[in-house]
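Structure first, commentary second.
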Amino acid sequence: MRWLRVAAGAVCAMAMGAHAQPDSQSPIRTNAWAPRPVDLPPYVGTHKPHWKLSSMLADHAGREDWSVTLADDRHLLAQYVSMAPGKSTPRRFHPDTRVFWIVQAGQIRFAIEGQEPFVASKGFLVQVPDRTPYRLETVGAAPSLRLEVMVGGASTFYTLDETPVPAPGMEFVKVTLPGRGQYDESNRPYLDFPREIVDGGGRAGMFVRDDRLMAVIIRGQAEPRPPDTDRGHIHVDYSELWFVLEGKVDYLIEGLPFFTAEQGDVVYAPAGRFHRPTFGGTGMATRVGINGFHSGVHVELLSEN
């Protein structure tokens with residue numbers, strides 16, 4: 001039996017700087033017994049450790065409209081979506097949860113109620129709060145490609161001027177509901193990563209911070225590979241997804257060989273597996289950490305010495 005150490009809000013502190021403590025003024029460490037499955041938590045359904053962008057593009061060569069589900073668990077639904085030039089989504093929204101995107105290729109015109117429409121290209125992160133209608137349209141001559149992330153199990157509503165997309169076992173009825181979700185200091189409509197951070201020298205950090213969804217930009221210089229005895233940490237109650245936004249990121253996930261993910265790749269670790277992402281390659285590297293808890297804990301093995 002082993003001790004585990006719990007670090008509250010660790011992901012936020014790591015991304016926002018060593019002196020940033022989102023939930024307290026000083027770091028707090030708690031030593032505890034934590035439950036962990038005897039058998040290594042498996043990858044089930046659509047989930048796998050490493051989705052290579054190059055493989056997805058090869059699998060869909062010659063097609064402009066396609067999608068691949070990368071994560072579908074109780075907290076996250078994530079898909080890679082390619083949309084042909086001139087195509088658009090229906091005008092839709094989600095009643096209780098946010099949705100966000102990372103643009104990988106092409107150009108997408110975002111029309112979000114209450115915001116001036118804008119065109120996003122590679123490296124943009126965009127989000128929409130609950131009860132806020134939006135539409136996405138591919139503009140330009142090339143297909144657009146995006147990572148789309150929603151809360152697991154979230155419902156999709158359609159404005160009355162649209163025809164709802166059929167959903168198995170569901171019927172659509174006309175309803176009314178109050179209010180709109182809000183943007184705030186932690187949740188802005190979009191971030192142009194190449195312009196604002198790579199070229200502009202801006203600071204990486206939280207992009208989506210919500211009680212049901214989190215996305216944090218973590219950027220750093222390539223570093224030597226740590227020894228494999230450094231197992232990283234686990235999340236006991238939730239999975240984690242990463243999008244490689246820039247450069248290369250190295251991963252050691254419990255039960256798997258060490259591997260490197262490149263720009264555009266997606267990596268997934270189920271709850272209960274130790275994992276250790278580090279900055280790979282030779283230059284700067286950036287990953288977007290995505291999960292369902294904005295202050296979820298990093299649980300580390302506690303030395304018995």
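The values are calculated or read from the model by the stated rules, or taken from the named source; none is laboratory data. Remember, predicted model here, so these are calculated numbers, not experimental data. Cβ sites come from the backbone with ideal geometry, for glycine too, and all protein chains shown count toward neighbours.
So which residues in the range 267-302 are out of contact with any strand residue (DSSP E or B) (no Cβ under 8 Å at 6 or more places or on another chain) and either within 13 Å of residue 240 (Cβ to Cβ) or outside the structural domain of residue 242 (by TED's automatic domain parsing) (or both)?
If the condition is that a residue be out of contact with any strand residue (DSSP E or B) (no Cβ under 8 Å at 6 or more places or on another chain) and either within 13 Å of residue 240 (Cβ to Cβ) or outside the structural domain of residue 242 (by TED's automatic domain parsing) (or both), then 270 is the only one that fits.
Find the residue count for the range 54-99, including only residues that are within 28 Å of residue 248 (Cα to Cα) and part of a strand (DSSP E or B).
Going through the range 54-99 one residue at a time, the tally reaches 16.
Could you check, for the range 244-265, whether at least one of its residues is acidic (Asp, Glu), closer than 22 Å to residue 34 by Cβ and out of contact with any strand residue (DSSP E or B) (no Cβ under 8 Å at 6 or more places or on another chain)?
No, the range 244-265 contains no residue that is acidic (Asp, Glu), closer than 22 Å to residue 34 by Cβ and out of contact with any strand residue (DSSP E or B) (no Cβ under 8 Å at 6 or more places or on another chain).
Among the residues of the range 181-192, how many are touching a Lys or Arg at 6+ places or on another chain (Cβ under 9 Å) and either modelled with pLDDT of 95 or more or in a strand (DSSP E or B) (or both)?
Selection size over the range 181-192: 3.
Of all residues in the range 147-190, which are on the phi > 0 side of the Ramachandran plot and in contact (Cβ under 8 Å) with a residue 40 or more places away in the chain?
If the condition is that a residue be on the phi > 0 side of the Ramachandran plot and in contact (Cβ under 8 Å) with a residue 40 or more places away in the chain, then 153, 179 are the ones that fit.
Residues checked against (1) within 27 Å of residue 212 (Cβ to Cβ); (2) polar (S, T, N, Q); (3) modelled with pLDDT of 95 or more:
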residue	(1), (2), (3)
69	yes, yes, yes
72	yes, no, yes
97	yes, yes, yes
107	no, yes, yes
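Take the residues of the range 277-303 that are at pLDDT 95 or above and touching a Pro at 6+ places or on another chain (Cβ under 7 Å): which is nearest to residue 231 (Cα to Cα)?
278
Yes/no matrix, rows are residues, columns are (1) hydroxyl-bearing (Ser, Thr, Tyr); (2) surrounded by 11 or more Cβ atoms within 10 Å (Cβ to Cβ); (3) touching a strand residue (DSSP E or B) at 6+ places or on another chain (Cβ under 7 Å):
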{"position": "28", "(1), (2), (3)": "no, yes, no"}
{"position": "39", "(1), (2), (3)": "no, no, no"}
{"position": "49", "(1), (2), (3)": "no, yes, yes"}
{"position": "56", "(1), (2), (3)": "no, yes, yes"}
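Let's see how each residue does on (1) surrounded by 22 or more Cβ atoms within 10 Å (Cβ to Cβ); (2) farther than 21 Å from residue 191 by Cα; (3) of a type in the set (A, V, I, L, M, F, W, C):
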site	(1), (2), (3)
68	no, yes, yes
80	yes, no, no
92	no, yes, no
115	no, no, no
123	no, no, no
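From the residues in the range 155-199 that are aliphatic (A, V, I, L, M) and closer than 25 Å to residue 103 by Cα, which one is surrounded by the fewest Cβ atoms within 10 Å (Cβ to Cβ)? Reasoning before the result, please.
Just the residues of the range 155-199 that are aliphatic (A, V, I, L, M), to begin with: 160, 165, 167, 170, 173, 175, 177, 191, 197-198.
With closer than 25 Å to residue 103 by Cα added as a condition, the list becomes 165, 191, 197-198.
Values: 165: 11, 191: 21, 197: 21, 198: 16.
Once the filter is applied, the top-ranked residue is 165.
Of a type outside the set (A, V, I, L, M, F, W, C) and surrounded by fewer than 16 Cβ atoms within 10 Å (Cβ to Cβ) - does that describe any residue in the range 130-139?
Of all residues in the range 130-139, those of a type outside the set (A, V, I, L, M, F, W, C) come to 130-135, 137-138.
From what's left, surrounded by fewer than 16 Cβ atoms within 10 Å (Cβ to Cβ): none.
No.
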